[in-house]
Amino acid sequence: LTDVLENNDVGTITHKALEVLYSSFKGKKLTKEGLESINDDDINSAIQDAYNELLQTDGSQPNGYFEMYKNLIFQDIKNTIKLDIDNNLGFIYICGEQIVSTTYTYGQNGETINLIGFIDRIDKDCQGRLRLVDYKTGKDKPSFNLANSFNPDSSTIDRAPIQLLTYCVMYLKAHAGFSSEDIAPLLFKVRSGEQHW
């Protein structure tokens, strides 16, 4: 056990806080006014709740490392809200941190593996498609080169797009009745305030 927050802990807190903040809009169409109604106190409270849940604490004993990261997490959340205001208004929030699991069959002998993932956000875009959103708080590159990503000799695997596309395949496999035209992937680089289809 350590008091130091690892990079994945910072991402987990950010993801959980965003789920808390957006859950009040579940089933509703997101408007500029609605998103702008999320104030700084709401964000700080969601960050603290996410931290308490992650470290199973009541928050009564402040952690100096967490205090250092709080501003970074706060800015990541502000960037995400701004991305939605600037690019995605009119979507309907469905859920956050959605577990998706399925089995995948491969090879000549029909071997199977179990796959599980957590989709950061599912919403319905203005065209009526289900949109699977992946928040990236690290240095993942949004670029995608198919040849590099599946070349075992390549040192530049585009992990973020591969992960999101894998989630799309898993979602389709786990939910009969959906086709690839019914879903759309969306990657958020929250640290830099970018989104990529």
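The values are calculated or read from the model by the stated rules, or taken from the named source; none is laboratory data. Note that the structure is predicted; figures quoted are calculated from it, not measured. Neighbour counts are summed over all protein chains in view; Cβ atoms, including those assigned to glycine, are modelled from backbone coordinates with ideal geometry. Surface accessibility is based on the protein's heavy atoms, side chains included, excluding ligands, DNA and RNA. Shrake-Rupley method; radii C 1.70, N 1.55, O 1.52, S 1.80 Å.
Side notes on the structure shown:
- Based on alpha-carbon atoms, the Kirkwood radius and the radius of gyration of segment 66-174 give Rg/Rh equal to 1.03.
- Solvent-accessible area assigned to carbon and sulfur over segment 68-124 amounts to 50 percent, based on a 1.4 Å probe.
- Estimated Rh, segment 124-197: Kirkwood, alpha-carbon pairs, angstrom: 13.3
- Alpha-carbon Rg with Dmax, taken over the chain, Å: 18.0, 56
- In the full protein context, the chain carries 57 Å² of accessible surface per residue, based on a 1.4 Å probe and ignoring ligands, DNA and RNA.
- Angle in degrees between helix 64-87 and the longest Cα principal axis of the chain, rounded to the nearest 10: 60
- Exceeding the 26 Å Cα-Cα cut-off - candidates Lys78/Lys124; Lys70/Lys173; Lys32/Lys136; Lys82/Lys139; Lys124/Lys173: Lys70/Lys173
- Hz values of 3J(HN,Hα) by residue in segment 89-103 - Karplus curve (6.51, -1.76, 1.60), Gly and Pro given as x: 4, x, 7, 10, 6, 9, 6, x, 6, 8, 6, 10, 9, 6, 10
- Once the Cα atoms are used to define both axes, helix 40-55 deviates from the longest principal axis of the chain by about 70 degrees.
- Each residue of segment 129-139 was assigned a 3J(HN,Hα) from its phi angle through the Karplus curve 6.51 cos²θ - 1.76 cosθ + 1.60 (θ = phi - 60°); the sequence is 7, 6, 10, 9, 9, 10, 8, 10, 9, x, 9 Hz, with glycine and proline shown as x.
- Amide H contacts of Lys141: Arg159, Ala160, each under 5 Å away and 5 or more positions distant or on a separate chain (H built 1.01 Å from N in the peptide plane; Pro and chain starts excluded).
- Helix 7-22 axis, angle to the chain major axis (alpha carbon atoms, nearest 10°): 80
- Relative packing of peptides 32-45, 125-138 - highest average C-beta neighbours within 10 Å first: 125-138, 32-45
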